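The values are calculated or read from the model by the stated rules, or taken from the named source; none is laboratory data. Just so we're clear, the structure is a prediction, and the values are computed from it rather than from any experiment. So basically every Cβ, Gly included, is an ideal-geometry build from the backbone, and we count neighbours across all protein chains shown. Accessible surface areas use protein heavy atoms only, side chains included; no ligands, DNA or RNA. Shrake-Rupley method; radii C 1.70, N 1.55, O 1.52, S 1.80 Å.
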Amino acid sequence: MTDQPISTEHIEFLCTLDVPAARSFYVGKGIALSLQGWAFCPGKIIKHLYILEGERRHKVHNHSWPRPDVLDYLYPLKDPDGQSLFSGYNFILPIEEISAKENREIILCAELKSGETVQRSLGTIELLSGSNR
């Protein structure tokens, strides 16, 4: 038996940000970006949710919140079991001071109850040094 990674390409991971991440932000001495949206895997249970940003991994403690708007939109075609009702998340992403312009991809990663892990890009943010004053 070999230690090959388990393929999760067959798992559908539906997620989004309520506000698109493709934006520019002046960082100044540091900022905190509010990220909120929804995420679920039809037929699977999310045990832990993470935001991956650059080399950093942040655990999202506020997830599985009610989102009746998502259920209304996705049930029953994309979500026959109604799991999208408890798909909401929110997270405050800390960004430290930078010295030059950077582009950082924001990735949402879900660890499922089954032990499998899935991830999807939420977009790329442009970080600008200084405070634009």
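Using θ = phi - 60° and the Karplus relation 6.51 cos²θ - 1.76 cosθ + 1.60, list the HN-Hα couplings for segment 53-68 in order, rounded to whole Hz, with x at every Gly or Pro.
Whole-Hz 3J(HN,Hα) from phi for segment 53-68: 9, x, 8, 9, 10, 10, 7, 8, 7, 9, 9, 6, 8, x, 9, x.
For the pair Glu97/Lys29, report the inter-label distance in nm, with labels modelled 7 Å from Cα in the Cβ direction.
Taking the two extended label points, one gets 0.8 nm.
Using 0.36 nm per residue, how much length does the chain from Ser114 to Asn132 gain when fully extended, once their Cα-Cα distance is taken away?
Working: separation 18, 0.36 × 18 = 6.48 nm, distance 4.64 nm.
Extra length available between Ser114 and Asn132 comes to 1.8 nm.
Ala110: net charge of surrounding residues, Cβ under 12 Å, Lys/Arg +1, Asp/Glu -1, itself excluded?
Charge balance near Ala110 sits at +2.
Sequence gap of 8 or more, or different chains, plus Cα separation below 20 Å: how many lysine pairs satisfy both in the chain?
Taking the chain as the scope, the lysine pair count is 7.
With a Förster radius of 25 Å, plug the Cβ-Cβ distance of Glu105 and His61 into 1/(1 + (r/R0)^6) and report the FRET value to the nearest 0.05. Write out the running numbers ahead of the final one.
Values: r = 22 Å, r/R0 = 0.88.
That gives a FRET efficiency of 0.70.
Under 5 Å between amide hydrogens, which residues at least 5 positions from Ile45 or on another chain qualify, with H placed 1.01 Å from N in the peptide plane?
Amide H neighbours of Ile45: Lys113, Ser114.
If you count only protein heavy atoms with a 1.4 Å probe, what accessible area per residue comes out for the chain, rounded to a whole Å²?
Values: 8430 Å² over 133 residues.
For the chain, the per-residue accessible area is 63 Å².
With a sphere of radius 9 Å drawn around the Cβ of Ser129, what net charge do the other residues whose Cβ falls strictly inside it have (Lys, Arg +1; Asp, Glu -1)?
Values: positive: Lys101; negative: Glu97, Glu102.
Once all neighbours under 9 Å are counted, the net charge is -1.
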